[in-house]
1. Of all residues in region 33-70 being touching a strand residue (DSSP E or B) at 6+ places or on another chain (Cβ under 8 Å) and among the hydroxyl-bearing types (Ser, Thr, Tyr), which is modelled with the highest pLDDT?
2. May I ask you to verify whether LEU250 is more than 14 Å from VAL162 (Cα to Cα) and surrounded by fewer than 14 Cβ atoms within 10 Å (Cβ to Cβ)?
3. Among the candidates THR235, THR222, THR201, single out the residue that is in contact with a Gly (Cβ under 9 Å, 6 or more places away or on another chain), modelled with pLDDT of 90 or more and of a type in the set (S, T, N, Q).
4. Restricting the search to region 87-127, which residues are among the β-branched types (Val, Ile, Thr), outside any strand (DSSP E or B) and closer than 24 Å to LYS256 by Cα?
5. Can you work out which of the residues in region 24-40 that are basic (Lys, Arg) and either under 20 Å from ALA161 (Cβ atoms) or part of a loop (DSSP other than H, G, I, E, B) (or both) is nearest to the chain's Cα centre (by Cα)?
6. So, in region 83-133, how many residues would count as being more than 17 Å from the chain's Cα centre (by Cα), surrounded by 21 or more Cβ atoms within 10 Å (Cβ to Cβ) and of a type in the set (Phe, Trp, Tyr)?
7. Given the residues VAL217, VAL160, VAL195, which is the only one that is in contact (Cβ under 8 Å) with a residue 24 or more places away in the chain, of a type in the set (Val, Ile, Thr), part of a loop (DSSP other than H, G, I, E, B) and surrounded by 13 or more Cβ atoms within 10 Å (Cβ to Cβ)?
8. If LEU187 passes every condition in (1) assigned to a helix (DSSP H, G or I); (2) in contact (Cβ under 8 Å) with a residue 12 or more places away in the chain but one, which one does it miss?
Amino acid sequence: MTNTSHCLSANELSSFLKIIGLARHDGELYSNQRDKFQEVLAMAEHLTRMSLKITKKRSVTFLDCACGKGYTAFALNHILTENLRRSAFFVGVDRNPRLIEKCREAQRLLGYSNMEFEAADIMHLSLNRKPDVVYCLHACDTATDEAIAKGIMFGSRFIVAVPCCQREMGTKMCNHPLTSMTQFPALKERLTSLVTDAMRTLILKAAGYKVSVFEFVSSEVTPKNLMLRAEKLWTCNTDALVEYRQLRALFNVEPKIEEHLPWLRS
């Protein structure tokens, strides 16, 4: 596969980076956006690899959940359509109308007709096409769970999530056997993150996905560097569903994702 980082080097694409908001008027990356550029590049590389597993006979559809300014979607669009000559379509959704307007303006300036951006909650988004790949990069709190739930509901081939904060579980994890480990906020935050992401992987597995969990960039780039990468291979996995319910019972929580996927409840 073509090296994605080379396809999207800052020097070669200064005009592109200026339009999407990662570079100054002279083409140099903003100093506070250099880490973001590495994150976007790494995310786009993993998404590119997945899309190449899908037949070339049709366009690949991506759904970018909590897309923000659309950095990943624009970078991936450039790599796939301009460098690899693959047909692709992108949908970006974010509840912030101001950010969506910025995405639409960048889309207009770049001349990308194969994209659309919607100001909406992830779960309220209605599409006339099934996304092959659903992803989110640092979608806050339950937005990551909404992206996972939406991908499962669509039956998407791939679901990729790089979680950000996990505030929901932090407020719900109270009466459980490991309370002695959570008496200090810093320790509670770490345990909350581990439990939340473990539950997310079990939900994906229960829905029939093969799941990988790994650090997709260096922790020096971002401490929120854990990627959950899932590929739909089976109809379901009852063993994983049992494990999910056991973990849920152990920590005495009712995750909000169950509102979208009620079959998770015992």
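1. Per the stated criteria, the residue is THR61.
2. Spelling it out, LEU250 is indeed more than 14 Å from VAL162 (Cα to Cα) and surrounded by fewer than 14 Cβ atoms within 10 Å (Cβ to Cβ).
3. Every option except THR235 fails the conditions.
4. Correct list: ILE122 only.
5. Applying the filter and picking the extreme gives LYS36.
6. Going through region 83-133 one residue at a time, the tally reaches 0.
7. Among VAL217, VAL160, VAL195, only VAL217 is in contact (Cβ under 8 Å) with a residue 24 or more places away in the chain, of a type in the set (Val, Ile, Thr), part of a loop (DSSP other than H, G, I, E, B) and surrounded by 13 or more Cβ atoms within 10 Å (Cβ to Cβ).
8. Failing condition for LEU187: (2).
The values are calculated or read from the model by the stated rules, or taken from the named source; none is laboratory data. Note that the coordinates shown come from a computational prediction; the quantities given were computed from them, not determined experimentally. FYI the Cβ positions are ideal-geometry reconstructions off the backbone, even for glycines, and counts take in every protein chain you see.
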